[in-house]
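Sharing a structure here in structure tokens format.
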Amino acid sequence: MFQDFKTPKMLTRKIKLWDINAHITCRLCNGYLIDATTVTECLHTFCRSCLVKYLEENNTCPTCRIVIHQSHPLQYIGHDRTMQDIVYKLVPGLQEAEMKKQREFYHKLGMEVPGDIKGETCSAKQHLDSHRNGETKTDENSNKETSEEKQEEDNDYHRSDEQVSICLECNSSKLRGLKRKWIRCSAQATVLHLKKFIAKKLNLSSFNELDILCNEEILGKDHTLKFVVVTRWRFKKAPLLLHYRPKMDLL
């Protein structure tokens, strides 16, 4: 009356890392993607440091040669967190090795290691140690720890991040200056965050009408303050001096 069906075996196929290397490596340095950054015009991805250096002399995509922007190509690139997570998961030990290099770099310069690098290193080490020791957690304990971590994160407001001191100056007669132009915030904050902050303080209708400049160069909205400091303010003393003005305001 009943027929016995055997469950078919799941077909699995092992894929070797070098078979997908072309999709997770930077065409400029031929290494695995670090701080993956994507060109918004064509969606090709490179290491951020490689792409920024390339765009100092060019305005086209290194892969397809499409023009990114005639004068400000750096405004049309953005951090690709998803791609970077994929690379770190596929390549064993890459994230730990990169964190180690960054720590050694800061130690060599006699600078304090930023909080975000410390945090990523500790979390990665704890994750590996728990798997090596065969530790398992019940759903109840896991949910409890997740809840506690979330509460701690909610109360932190990025105070454990590397901090950046900024001076915001207005260089246009069409806008008034800020009452308090000196601010200190997380190095992970972006130029877009600053635009929203200024627009709110000046009661502007839209933050999209603002340009923020460093060394008379318009900054892309997705640039983090850490990226701005490293690429445009590395050998200058704090604070980081930024100017703001209405978009398309010709000086």
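Residues R27, R48: which one is within 22 Å of R234 (Cα to Cα) and surrounded by 13 or more Cβ atoms within 10 Å (Cβ to Cβ)? Quick ask: steps written out before the conclusion?
Details: R27 fails: within 22 Å of R234 (Cα to Cα).
The match here is R48.
Name the single residue that is nearest to L225 (Cα to Cα) among those in region 162-176 being of a type in the set (A, V, I, L, M, F, W, C) and either open to solvent by 70 Å² or more (accessible area, probe 1.4 Å) or touching a Pro at 6+ places or on another chain (Cβ under 9 Å) (or both). Give the steps one after another, and end with the answer.
Taking region 162-176 as the starting set, the residues that turn out to be of a type in the set (A, V, I, L, M, F, W, C) are 164, 166-168, 170, 175.
In the following step, the residues that additionally are either open to solvent by 70 Å² or more (accessible area, probe 1.4 Å) or touching a Pro at 6+ places or on another chain (Cβ under 9 Å) (or both) were identified as 164, 166-167, 175.
Numbers: V164: 7, I166: 9, C167: 12, L175: 23 Å.
The selected residue is V164.
From K221, K196, K179, grab the single residue that is more than 20 Å from the chain's Cα centre (by Cα) and open to solvent by 90 Å² or more (accessible area, probe 1.4 Å). Spell out the reasoning first.
On the way: K221 fails: more than 20 Å from the chain's Cα centre (by Cα); K196 fails: more than 20 Å from the chain's Cα centre (by Cα).
Unique residue meeting the criteria: K179.
Results for (1) in contact with a Lys or Arg (Cβ under 9 Å, 6 or more places away or on another chain); (2) of a type outside the set (A, V, I, L, M, F, W, C); (3) at pLDDT 85 or above; (4) under 25 Å from Q95 (Cα atoms), shown as yes or no for each residue.
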position: A124; (1), (2), (3), (4): no, no, no, yes
position: K144; (1), (2), (3), (4): no, yes, no, no
position: S147; (1), (2), (3), (4): no, yes, no, no
position: V164; (1), (2), (3), (4): yes, no, yes, yes
position: C170; (1), (2), (3), (4): yes, no, yes, no
position: I183; (1), (2), (3), (4): no, no, yes, no
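Checking G78 against (1) open to solvent by 70 Å² or more (accessible area, probe 1.4 Å); (2) within 20 Å of T190 (Cβ to Cβ); (3) small (G, A, S), which single condition isn't satisfied?
(1)
Return yes or no: is I34 within 19 Å of D222 (Cβ to Cβ) and open to solvent by 30 Å² or more (accessible area, probe 1.4 Å)?
Against the criterion (within 19 Å of D222 (Cβ to Cβ) and open to solvent by 30 Å² or more (accessible area, probe 1.4 Å)), I34 qualifies.
Between a first residue in region 195-217 that is over 18 Å from R232 (Cβ atoms) and among the aromatic types (F, W, Y) and a second residue that is in a helix (DSSP H, G or I) and open to solvent by less than 40 Å² (accessible area, probe 1.4 Å), which pairs have beta carbons less than 6 Å apart while being 6 or more apart in sequence or on different chains?
Here the result reads F207/K195; F207/A199, each pair linking region 195-217 to a residue that is in a helix (DSSP H, G or I) and open to solvent by less than 40 Å² (accessible area, probe 1.4 Å).
The values are calculated or read from the model by the stated rules, or taken from the named source; none is laboratory data. For clarity, every value in this text was computed on a predicted model and none was experimentally measured. Cβ sites come from the backbone with ideal geometry, for glycine too, and all protein chains shown count toward neighbours. For the accessible areas, the whole protein counts, side chains as well, though only heavy atoms, and no ligand, DNA or RNA atoms are used. Shrake-Rupley method; radii C 1.70, N 1.55, O 1.52, S 1.80 Å.
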